[in-house]
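Peer 1: My questions all concern the structure below.
Read-outs throughout are calculated quantities, based only on the coordinates presented, and are distinct from any laboratory measurement. Keep in mind that this is a model prediction, so the values were computed, not measured. Cβ: placed from backbone, ideal geometry, glycine included. Neighbour counts: every protein chain shown.
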Amino acid sequence: MTKRDISIEKKLEERIKELSCLYEVSSALRKHTDSIADTLWEICYSTRRAWMFSDIAIVQLKYEDHELITSGIPDKNISQESIITVAGEAKGFLKIYYDLGLHPAAYFLEEEQKLLDRIALEIEQFFERQDTKKKEEVLRRSAERNDRLSILGEITAGIAHELNTPLGNILGFSELIKSQTKDKQVQADSEKIIKAAIYSREVVKKLMFFACEMPQNKNWILVKPVIEQALRLLGQNFKKAQVHYEFRIDNNQLKAQLDSIQFTQVLFNLLINAIYVSPPGGKITIEIKSNPEAFEMRIIDQGPGIPEKLKSKIFEPFFTTKPVGEGSGLGLSVVHGIIKSHRGEIVTFDNPPAGTVFQITLPLKM
């Protein structure tokens, strides 16, 4: 059969198959649940049935990491293709093959290319909707989290201010008692009270950092010396944990407008956490990359990583996986608050095969 031999009845039959295919493809995309692969397989088989030589048609669909093909591609074939483009970028393709070894005279209709383009467009719109939903969900969660943090920040600031005075009194009178008594038991008890008060004061300080109640003094500083000083101060921590570090920076003269004390606090919290989770013999990498507008800092460890179910909670105040007494659960909340107050961003992701990456992006100028 040649193109000229197609009867009106055959053309009508092919047209019905095309319309049925479009309906099936649209239905598959509308009823999509959680399995993208199942949805794409359904599209492949619906597409194959719509082609004139459907008994020898082979459908190949590729979109990013998804690649499906209804059977092996024959050596001797003809094909037609439509590119799948999302947001102006080619993401994959939809392709039909005919096995000329089984049917040497097989050919494609002009209408079939139009149908292929229409199916590819349906797939494009489906993935655009999926991307939009994901972005909306991220924005919704971010808004909810910011609302919670804002309310908690106000409460926390009030608590911190209320605790400061009594803690100062406890610390002052404990030191006075210790200095005026000669009773060794009283001195030992006073020392315990002093240590507990100092620890509590540090927690209050972290609460105030979290609530953005700590005054900021942003100046132009060289970034490299601040990081090197933090690494020197934590030298014993690295040695005790049998962990080494590697520090890389692409510009030794990099300057940024930062509060050096708060930036050091960020470094301490992230590095101490990285040391805590690192196995003996492990390595922690600190990388700095910059451009004319901002710089990016990555702290990379080789620990066990963050379980998927906990990733959304790690920046929440008072959340910790450490044993009782080893962590207040405020370290990463403080880091998050400081970075946000510097108009920056902090994200975390996996470091395959094991470990975590904390990535901070900060503008050079406030």
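Peer 1: Quote to one decimal, in nm, the extra length available between I177 and K10 on full extension: 0.36 nm per residue of separation minus the C-alpha distance between them.
Peer 2: The I177-K10 span can extend by a further 49.7 nm.
Peer 1: Would you mind checking which residues have amide H under 5 Å from D259's amide H? H placed 1.01 Å from N; only 5 or more apart, or other chain.
Peer 2: HN-HN under 5 Å from D259: N219.
Peer 1: Would you work out if the stretch 7-111 is rounded, prolate or oblate? Take a ≥ b ≥ c from the square roots of the eigenvalues of the alpha-carbon gyration tensor; rounded if a/c is under 1.5, else prolate when a/b is larger than b/c, oblate otherwise.
Peer 2: Oblate, since a/c reaches 1.5 and b/c is not below a/b.
Peer 1: Tell me, what is the percent relative contact order of the stretch 8-137, built from C-alpha pairs under 8 Å that lie six or more residues apart?
Peer 2: 21
Peer 1: Take the cross-link list K218/K240; K62/K289; K91/K135 and give me the ones stretching past 23 Å between alpha-carbons.
Peer 2: K218/K240; K62/K289
Peer 1: Using amide H atoms built in the peptide plane, which far-off residues or other-chain residues are under 5 Å from I84 H to H?
Peer 2: Those qualifying (amide H under 5 Å, at least 5 residues apart or on another chain) are K91, G92, F93, L94.
Peer 1: Gain in length, A37 to R140, computed as 0.36 nm per residue apart minus the alpha-carbon separation, to one decimal in nm?
Peer 2: Residue separation times 0.36 nm, minus the Cα-Cα distance, leaves 34.4 nm.
Peer 1: Loop only per DSSP, at most 12 neighbouring Cβ atoms within 10 Å: give me the trypsin sites (Lys or Arg not before Pro) in the stretch 54-106, ordered by residue number.
Peer 2: Those satisfying the criteria are K76.
Peer 1: Right, something else. What nm distance separates the two modelled labels at N251 and R129, each placed 7 Å from Cα along Cα→Cβ?
Peer 2: Output for this residue pair reads 4.5 nm.
Peer 1: Please find the FRET efficiency linking Q359 to A188, where r is the Cβ-Cβ separation and R0 is fixed at 41 Å, and quote it to the nearest 0.05.
Peer 2: Efficiency, from the Cβ-Cβ distance: 0.35.
Peer 1: Separate question: On a C-alpha basis, how far is the centre of the stretch 253-303 from the centre of the stretch 25-56 in Å? Whole number, if you could?
Peer 2: Using only Cα atoms to place each centre, the spacing works out to 48 Å.
Peer 1: Which percent of the Cα-Cα distances in the stretch 219-363 go past 26 Å?
Peer 2: Every Cα pair in the stretch 219-363 considered, those over 26 Å come to 20 percent.
Peer 1: May I ask you to compute the full-extension gain from N217 to T70, defined as 0.36 nm times their residue separation minus their alpha-carbon distance, rounded to one decimal in nm?
Peer 2: 46.5 nm
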